[in-house]
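Below: one structure, written as structure tokens.
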Amino acid sequence: MREKMKKTPEIRPGTHVDMIISIDYEKETADVRRSVVYEIINERQFIISQTDPPLAGYHIGRDMAVTFLARGEKGPVRPGFSAKLTGIIKDYKLSSGESVQALAMTRNSGKNNAGLYNLRMLHRVKPVAGSDLEITIMGTQANLIDISISGARISFKADSLTESVEAGRIVDIAVRVNRESFRLKARVVRMWHIPGEAHLRFAAVHFVDADKRLNYLLGGKVLEIERKILSRGLETK
């Protein structure tokens, strides 16, 4: 979900930010909340508005990502860094004299604490006819239920694999996009079956070491499928 970058643009008062509070790779969802920067105290400490929906006391001390849109060489990019919520200010005074609730944040230290984020990484689409997408698991062809840049949900015949596939295991998979094939590792985050279909097994997998080329192709493929769905008047589930 994050790529390293040489230099990250900096936030400043008035910067609109998206706070990635948590990521659930099993359900492939992310808790993203919007905020705006009120004040930069020093290199690491800053204050932002209360998010919508608001963060609560139990979030204090939790690490989260601060992301924002900026101009890149080839168009808009979303840089960001990780930070910790250190406190909730009940009566922060704005320049207008108005008092509002605000969040005190501290940027985490470390030279690698910066990167480019892609909030579409967890957005799943169901392939349509002509999508030119295929996936195999442990050398066995699987049926692709849906896919995102970060993972996929698949089904396969229960007796088709010589090795067991179970939740938590790292497995070998291959993804083919537009006739290009990629071999990579994936973590099985969930397994299930449907009553009446005992011959099938279903799995959700998270791509562990997908390279930039695969991410690029999958990102384009997700957009392509979305456009096809909209043009055909189909509904995603």
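The values are calculated or read from the model by the stated rules, or taken from the named source; none is laboratory data. All of these numbers come straight from a predicted model, not from anything done at the bench. Note that each Cβ is placed from the backbone with ideal geometry, even for glycine, and that neighbours are counted across all protein chains shown.
Here are a few things to note about the model shown:
- Residues that are over 16 Å from LYS221 (Cα atoms) and either without any contact (Cβ under 8 Å) to a residue 24 or more places away in the chain or out of contact with any strand residue (DSSP E or B) (no Cβ under 7 Å at 6 or more places or on another chain) (or both), drawn from region 143-178: ASN143, ASP159, SER160, THR162, GLU163, SER164, GLY168, ARG169
- Qualifying positions in region 122-172 - part of a strand (DSSP E or B), crowded, with 19+ Cβ neighbours inside 10 Å and of a type in the set (Lys, Arg): ARG153
- Taking the listed residues ALA210, ALA204, ALA186, the one that is under 15 Å from GLU134 (Cβ atoms), of a type in the set (Gly, Ala, Ser), touching a residue at least 12 places away in the same chain (Cβ under 8 Å) and crowded, with 17+ Cβ neighbours inside 10 Å is ALA186, with no other qualifying.
- Search result, residues across region 69-85 that are surrounded by 12 or more Cβ atoms within 10 Å (Cβ to Cβ) and without any contact (Cβ under 8 Å) to a residue 40 or more places away in the chain: GLY72, VAL77, SER82, ALA83, LYS84, LEU85
- For region 41-67, a residue qualifies if it is surrounded by fewer than 17 Cβ atoms within 10 Å (Cβ to Cβ), polar (S, T, N, Q) and in contact with a strand residue (DSSP E or B) (Cβ under 9 Å, 6 or more places away or on another chain), and exactly one does: GLN45.
- When TYR38 is tested against (1) more than 23 Å from the chain's Cα centre (by Cα); (2) surrounded by fewer than 17 Cβ atoms within 10 Å (Cβ to Cβ), exactly one condition is not met: (2).
- Any hit, region 88-102, residues being closer than 16 Å to ILE11 by Cα and either under 22 Å from the mean Cα position of the chain (by Cα) or modelled with pLDDT of 85 or more (or both): no
- Filtering region 16-59 to residues that are at pLDDT 95 or above, in contact with a Gly (Cβ under 9 Å, 6 or more places away or on another chain) and either of a type outside the set (Val, Ile, Thr) or within 30 Å of ARG187 (Cβ to Cβ) (or both) leaves only TYR38.
- Residues of region 127-142 satisfying the condition of being touching a strand residue (DSSP E or B) at 6+ places or on another chain (Cβ under 6 Å) and among the small types (Gly, Ala, Ser): ALA142
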